[in-house]
């Protein structure tokens, strides 16, 4: 049975919780309609950055915690 090292699992869990917390932009709820670069709403810019961060998080999860026994050929059970 493949097991992820506890330190890596803890770090990935903390990264997940950070992305989950950042996803909800509490700081922007009462902000008036400020535009970044004159045309991009701050909320949209923030969500784009969170999406990039979530993509990096998923790449780390697949790279560091993917169970290697799933990559082998399937067992033939008659």
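Taken together, the values in this text are just the output of simple stated rules run on the coordinates, not laboratory data. The structure displayed is predicted, hence computed values, not measured ones. Note that each Cβ is placed from the backbone with ideal geometry, even for glycine, and that neighbours are counted across all protein chains shown.
List of remarks:
- Gain on full stretching of the segment that runs from residue 39 to residue 59 - 0.36 nm per residue minus C-alpha separation: 4.1 nm
- Helix 42-65 vs. the chain, principal-axis angle (Cα, 0 to 90°, nearest 10): 10 degrees
- For the chain, the relative contact order works out to 47 percent when only alpha carbon pairs closer than 8 Å and six or more residues apart are counted.
- Listed peptides 50-56, 64-70 appear in the order 50-56, 64-70 once ranked by packing, highest mean of other Cβ atoms within 10 Å at the front.
- Label-point separation in nm, residue 21 to residue 52, each point 7 Å along Cα→Cβ: 2.2 nm
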